[in-house]
There are 4 protein chains.
Amino acid sequence: MKITVYNEFNIHHKSGKILEAYPNGIHGSLKKLFEKNGHEIRTYTLETINDITLDVLKDTDVLVWWGHMNHNDVKDEVVDMIVNQVNLGMGFIALHSSHLSKPLKRLLGTPCTLQWREMDENERLWVVNPTHPIAKGLPSYIDIPHDEMYGEPFAIPTPDELVFIGWFKGGNVFRSGCCYNRGYGKVFYFQPGHETNPVYEIPEIKKILLNAIEWAKPTTRLEYLDCPNATNPLEKI
Amino acid sequence: MKITVYNEFNIHHKSGKILEAYPNGIHGSLKKLFEKNGHEIRTYTLETINDITLDVLKDTDVLVWWGHMNHNDVKDEVVDMIVNQVNLGMGFIALHSSHLSKPLKRLLGTPCTLQWREMDENERLWVVNPTHPIAKGLPSYIDIPHDEMYGEPFAIPTPDELVFIGWFKGGNVFRSGCCYNRGYGKVFYFQPGHETNPVYEIPEIKKILLNAIEWAKPTTRLEYLDCPNATNPLEKI
Amino acid sequence: MKITVYNEFNIHHKSGKILEAYPNGIHGSLKKLFEKNGHEIRTYTLETINDITLDVLKDTDVLVWWGHMNHNDVKDEVVDMIVNQVNLGMGFIALHSSHLSKPLKRLLGTPCTLQWREMDENERLWVVNPTHPIAKGLPSYIDIPHDEMYGEPFAIPTPDELVFIGWFKGGNVFRSGCCYNRGYGKVFYFQPGHETNPVYEIPEIKKILLNAIEWAKPTTRLEYLDCPNATNPLEKI
Amino acid sequence: MKITVYNEFNIHHKSGKILEAYPNGIHGSLKKLFEKNGHEIRTYTLETINDITLDVLKDTDVLVWWGHMNHNDVKDEVVDMIVNQVNLGMGFIALHSSHLSKPLKRLLGTPCTLQWREMDENERLWVVNPTHPIAKGLPSYIDIPHDEMYGEPFAIPTPDELVFIGWFKGGNVFRSGCCYNRGYGKVFYFQPGHETNPVYEIPEIKKILLNAIEWAKPTTRLEYLDCPNATNPLEKI
């Protein structure tokens, strides 16, 4: 598969706790994971995302997105291309703080607001749809030692399939793994992954990410979706 | 209820067959229907829609939208306000060719493409969810003598509730009545209503429109949806 | 409304901790609550449930069910009548350990298994569908000081609407409020309510129960659902 | 895959029009189709179905069911085993008049009533979910020259996924391909296939059947589903 990974990777990611958690950036960790599993990877960061071309998106099976503070720095033209390509078949996986990313909000039609808390608290991810391809090979729950809390109410459309519910030590719950169909494409929102906690290095989380790109890969990739005039009726009118 | 009706009402609506079908415009017919049933109505057309204010939208329980050839003449700022108000509780009903309207596409996240045919053919609207509030008091099907055909595949997300399926004489079917929840608001797409056929004057269709605004009215109307920092955990961490 | 309440009320309910929690039985508490709100109540217990008649069920708007150890003592003929009446429009609310009751399992088609723990632990019930009629007037969460833990995986069909997710102190989550449509009837499963904890005396829980019967009341009540031979086609074949 | 096919094959199937349509019985046609595609097939008819053993069901990946006039001659013990095995992972495909079969009604919890007409009318099957695995490789619609009409209202739960909508020459529509998840198993109801019309010999219909068994095959096959007492909490209470 051809996977394109976007990681914001702004100035704050290049030092301190975030650099410690992800010495090569979140995109570096994801690149390594996906490459190890035989996929072809392109990576983008804030500095390059607005230069992404339609050709690259057309050549992408699944786009994986991690953004946070710079959502508004992604240009609307890029977002339009992404939303369009998803509807034509490209998979889209939005990670953690990408709940507020422009592409996800545009695909879901809702503000995707939630409540949050940064106290490095324990999250326990429960599988509520054990036969779903994204849950393949997982135990009934996964312990994430430290993560940011994201709590309900989460302003999203009812997921077409709900895969995970997150339990947080501090007393909150969250719909942490949500699947949507949009046109010919599949969309997965996955909540874990605060930038100061190396969540994407946890083996079971890696498995989820690999399952997710497998699930999200296109079955059909269209060139366009139009509104044809079906001039000749199939039956006499 | 306070209902705001938008009808494109461009130059083509002011003469010939369309004027014959709707002597006072589609908005005129809807205004009369809703007023008769005790609602307060504001109407907008292409000439005025870009002047609609946030205050008007905040004071609107349900926005009913009929557009066709001038979707792109509605400004993005207006669309942003509408999408936002729906998520805060305002109902939104998109009629017929409004499947391609900017607000509907933004709320659903899909291109809403379909196939179509203008041959004044007979449509039969079947109720597939007889206990749904929008189907209240209806017979098991409604005959629409002449309407434009809209046919599957219809590029929409799976409706939260599917109320009607349309049968067309020329051999097509369509998911003609689709309900969605978006944030605190409700969205209903209703397919019948080609501008040259006075479909909205059919008694059973009037009943559907009245049921739909009743169903779509806000239960809660928020001022804003934000992402609060839940600093104090509910449990010891 | 005419509400019929079934509470198993077996020998264990008539002494000790259960009697302390519910001096008049769970059915006594529910009867009081519903009567206070203007509804007409009939109550049944294990000793009488197998004598319930079709006439009583036909005269019931919503049947509220609390069972636990004696699920198998309810006769299949009674269960058949209940399932049938739900499909003809009667509301059905299954409380707590009624997840394994015959009527619920028959209506859902799944074994409704889960994991459980009796340690009087704290449950926090989060509203994940704030505009749902059953959540009307509720805060964003409700604290239940002591209840039995019911945990995922919960072997149910994906709810048509998910209203509550429960957080448990001991580390589990649960889909605690699940809505289903079955034929012309509505079904609500609500998890809280262990017999030794007077959960149904908590004001917010009472509000949920009142909202639930309101939501579940029939819009249409049929005499029967059959398979008619539509001999005369609507169109020439 | 190991496929078990049940075809009622009562006395009426052994002469006249039905024998003409299916010289080896519907089960004969399905056996041939599935065997040709590398699957291992067992077949049952009315005379043998009540002798089916738990071992056979446990050794079955997908059970394909065609019944009509003798639904009540299938013993409840057999139905119990089937419903149980579906929840443990076995796929179940109910064809045509099996909408009223005991296993389907038990899995869905509804009476599955509909309206019908035997006039050998033309059905056109529209794909409304083109990325669904069951629609893989299909054109946008399939013409079935002659079939029994099955029309809405169809008393089923809202499908987890709706794949096909049927258009009938006589003026009706039908949700003709409906997917459900039940426990660890998948259920597909497929409407075409009146016994006097050799519908299952149409190439595109064969493709659908092959896609359907592929989709319905177990991902996990459990021995049992129970309600464990999770005595040791994961967190301090």
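The values are calculated or read from the model by the stated rules, or taken from the named source; none is laboratory data. In this text, all values refer to a predicted model and were calculated from it rather than measured experimentally. So basically every Cβ, Gly included, is an ideal-geometry build from the backbone, and we count neighbours across all protein chains shown. These area figures cover heavy atoms from the full protein model, side chains too; ligands, DNA and RNA do not enter into them. Shrake-Rupley method; radii C 1.70, N 1.55, O 1.52, S 1.80 Å.
Only one of the numbered conditions (1) of a type in the set (S, T, N, Q); (2) more than 11 Å from every other protein chain (Cβ to nearest Cβ); (3) under 29 Å from C:VAL163 (Cα atoms) is not met by A:ASN181, and that is (2). For region C:108-122, the count of residues that are modelled with pLDDT of 95 or more, more than 7 Å from every other protein chain (Cβ to nearest Cβ) and under 16 Å from C:VAL187 (Cβ atoms) is at least one. A:PRO192 falls short on exactly one of the conditions (1) within 11 Å of chain B (Cβ to nearest Cβ); (2) in a loop (DSSP other than H, G, I, E, B); (3) open to solvent by less than 40 Å² (accessible area, probe 1.4 Å), and that condition is (1). Of all residues assigned to region B:79-95, none qualifies as being of a type in the set (Asp, Glu) and more than 30 Å from A:PHE92 (Cα to Cα). Here C:ASN172 meets the list (1) more than 9 Å from chain D (Cβ to nearest Cβ); (2) open to solvent by less than 10 Å² (accessible area, probe 1.4 Å) almost entirely, failing just condition (1).
Each residue in region C:16-33 was checked for being over 22 Å from C:PHE92 (Cα atoms), surrounded by 15 or more Cβ atoms within 10 Å (Cβ to Cβ) and without any contact (Cβ under 8 Å) to a residue 40 or more places away in the chain, and 1 pass. Within region C:72-100, being within 22 Å of C:THR196 (Cβ to Cβ) and within 12 Å of chain D (Cβ to nearest Cβ) holds for C:SER97, C:HIS99, C:LEU100. Tell me, which residue of region B:105-136 that is part of a loop (DSSP other than H, G, I, E, B) and free of Cβ contacts under 8 Å to residues at least 24 places away in the same chain is farthest from D:TYR150 (Cα to Cα)? Checking each candidate, the answer is B:THR131. Check region B:137-160 and report whether any residue there is open to solvent by 10 Å² or more (accessible area, probe 1.4 Å), under 19 Å from B:SER101 (Cα atoms), away from every other protein chain (no Cβ under 11 Å) and not in a strand (DSSP E or B). No, region B:137-160 has no match at all.
A single entry from D:HIS68, D:HIS13 fulfils the requirement of being open to solvent by 30 Å² or more (accessible area, probe 1.4 Å) and touching a residue at least 60 places away in the same chain (Cβ under 8 Å): D:HIS68. Scan region A:123-136 for residues that are more than 12 Å from chain B (Cβ to nearest Cβ) and among the charged types (D, E, K, R) and the total you get is 2.
Please enumerate the residues belonging to region A:164-185 that are assigned to a strand (DSSP E or B) and of a type in the set (Phe, Trp, Tyr).
A:PHE164, A:TRP167, A:PHE168, A:PHE174, A:TYR180
In this entry, A:ALA216 is excluded by the filter for residues that are open to solvent by 10 Å² or more (accessible area, probe 1.4 Å) and of a type in the set (Gly, Ala, Ser). Residues considered: D:PRO203, D:PRO228, D:PRO198. Of these, the only one that is open to solvent by 30 Å² or more (accessible area, probe 1.4 Å) and within 12 Å of chain C (Cβ to nearest Cβ) is D:PRO228. Candidates in region B:34-65 are the residues that are within 15 Å of the chain's Cα centre (by Cα) and farther than 13 Å from B:TYR6 by Cα; of these, the one that is surrounded by the fewest Cβ atoms within 10 Å (Cβ to Cβ) is B:ASP61. Within region A:108-132, being touching a Lys or Arg at 6+ places or on another chain (Cβ under 6 Å) and more than 14 Å from A:ALA155 (Cβ to Cβ) holds for A:GLU121, A:ASN122.
Being in contact (Cβ under 8 Å) with a residue 12 or more places away in the chain and under 30 Å from D:CYS179 (Cβ atoms) is the requirement here; does C:ARG182 meet it?
yes
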